[in-house]
Amino acid sequence: MTDVTSSKSTRRPHHWRHDLIELAALFTAVVVADTIAKSIVKGPDGPYLLVFSAIALAATAGFHTWWARRHSHASHAPPPAPTTATPAGSSSEEHPEEEPGVPVETTLWRMRTTVADTPGSLAALCTVLARLRVDILTLQTHPLADGTVDEFLLRAPADLSAHELARETAAAGGRDTWTERADAHDLVDTPTRVLGLATRTALDAAELPLALRRLLGRCTLHSVPALSLTGRPTGEPAPVEGVLEETVMRLRDPNGGTLIVERPYLPFTPTEFARARALVELDARLGPRVPRSQDVLTLPEGNEITVRRADQRDLPAARAMHDRCSARTLGLRYHGPVGDADRYLDHLLSPRFGRTLAVQTTSGRLVALGHLLWDGDETEVALMVEDDWQRRGIGSELLGRLVTMAEEAGCASVYAVTQSSNTGMVAAMRALNLPLDYQIEEGTLVITARLASAPRPAARPQQERHEGIRRAER
């Protein structure tokens with residue numbers, strides 16, 4: 001198939017100067033021919049003049065042919081390569097031309113900017129990005145009353161800084177621009193990501209806080225119960241439809257209370273608010289639920305225990321375990337007397353505040369609890385093992401599983417609050433083989449394990465930690 005554009009660009013242009021010269025030469029030739037003809041007829045030197053005219057005519061024809069060929073080659077020469085426009089405020093040295101076949105190092109960026117809701121505003125922004133050699137991988141639009149928020153996932157040259165990207169975006173009409181480095185996980189398109197989060201929420205009620213964090217990016221989530229641990233109301237609950245106030249959204253918790261999501265660095269859009277509310281509504285319709293999988297472990301002395309997830313339905317068994325524990329064990333766990341164990345345990349077992357692992361014997365008696373608690377941007381781990389079952393490796397087993405859950409949830413660190421005399425908890429934290437930070441204040445010891453600063457060594461198979469382990473699905 002013929003390339004129409006290419007054929008047009010190589011067509012010989014029309015030169016009016018050449019036509020004028022040829023026309024003048026024609027008139028001159030007519031005059032010269034007429035003069036020669038009269039001389040031949042009237043003069044004695046007619047034959048000589050005829051030969052001289054033939055020589056002059058041949059020379060003129062040769063010169064005309066040479067001149068025509070020279071200008072024909074020039075007119076058919078390929079046009080010069082187009083020069084790429086250089087953005088204002090930058091030079092060609094900042095963005096050198098890519099060599100064909102040579103891979104260029106790139107980075108992924110998430111960018112959000114607000115543009116006017118007028119035709120051509122998005123096109124102007126895309127033109128600037130193309131000039132910067134930025135590839136647009138995904139684009140989402142969030143309509144607002146005074147404009148449109150465009151959210152991009154970009155693949156940009158590695159030498160393009162966030163400052164330059166924001167500056168050029170502003171020059172193209174973008175305002176309130178926000179940029180953040182992205183990773184391979186952001187390459188998943190939004191519908192697929194939302195469906196995945198909904199599936200995880202449907203399988204486990206404790207996934208709702210994590211799903212909201214993954215859906216909305218870096219944000220802080222607080223779950224405020226309807227009543228405090230002392231039985232006092234915590235404030236006015238959020239309405240059923242929720243409340244959106246720029247960087248804060250308040251959603252009604254299906255379990256009672258309010259879910260408060262804050263993102264000070266970037267206002268929420270109505271689209272994000274609608275997605276978050278849909279996840280909360282899904283959780284409310286499905287009701288209480290925890291994964292049914294459980295592990296049956298054989299302790300070194302031969303006793304079998306079962307490790308499983310727990311929730312508020314285990315409150316009676318957890319209260320019975322509290323009644324069997326000594327004052328010292330309760331003091332190490334709660335750093336003081338427990339006034340209302342029922343309300344306190346109901347809070348700890350709620351999936352809104354984290355995940356709980358329970359250990360029970362073959363007779364079904366609960367003998368240990370391990371909690372992974374969401375504390376704003378931080379994550380706390382807490383353990384309590386009944387006196388008769390201590391120093392058998394149960395605490396270390398629970399702690400290892402809780403840390404694995406925290407890593408899967410994307411937590412950067414976990415911390416444990418205990419007393420400096422609690423040697424068992426200190427030993428269990430040290431056995432994690434993670435970087436630890438210690439802080440002591442008035443006898444209270446806070447041990448923080450950093451999960452993201454160094455790769456965690458491969459966990460020992462549970463067969464090495466506990467003999468005869470097997471997994472049962474019920």
Per residue, accessible area of segment 208-288 with a 1.4 Å probe, heavy atoms of protein chains only, in Å², comes to 50
Label model pair residue 140, residue 440: point-to-point distance (7 angstrom along the Cα→beta-carbon line) in nm is 4.8
When the charge dipole of segment 245-342 is computed with +1 at the Cβ of Lys and Arg and -1 at the Cβ of Asp and Glu, the Cα pointing farthest to the positive end, of 270, 300, 334, is that of 300
Stretched fully, the stretch from residue 178 through residue 343 gains (0.36 nm per residue minus C-alpha distance, one decimal, in nm) 55.1 nm
Judged on accessible area alone, 1.4 Å probe, highest first, 240, 417, 261 line up as 240, 417, 261
Taking only protein heavy atoms and a 1.4 Å probe, the highest-to-lowest accessible-area order of 418, 448 is 448, 418
On the accessible surface of segment 179-245, probed at 1.4 Å with all protein chains in place, carbon and sulfur together account for a percent value of 61
Stretched fully, the stretch from residue 294 through residue 171 gains (0.36 nm per residue minus C-alpha distance, one decimal, in nm) 38.5 nm
Heavy-atom accessible area of residue 219, protein chains in place, probe 1.4 angstrom, given in Å² to nearest 10, is 10
With all protein chains present, segment 381-448 has a carbon and sulfur share of its accessible area (1.4 Å probe) in percent of 45
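The values are calculated or read from the model by the stated rules, or taken from the named source; none is laboratory data. Given the structure is predicted, the values throughout are model-derived calculations rather than measurements. No Cβ is skipped: glycine too gets one built from the backbone with ideal geometry, and neighbour counts run over all protein chains shown. Ligands, DNA and RNA are excluded from the accessible area calculation, which covers all protein heavy atoms including side chains. Shrake-Rupley method; radii C 1.70, N 1.55, O 1.52, S 1.80 Å.
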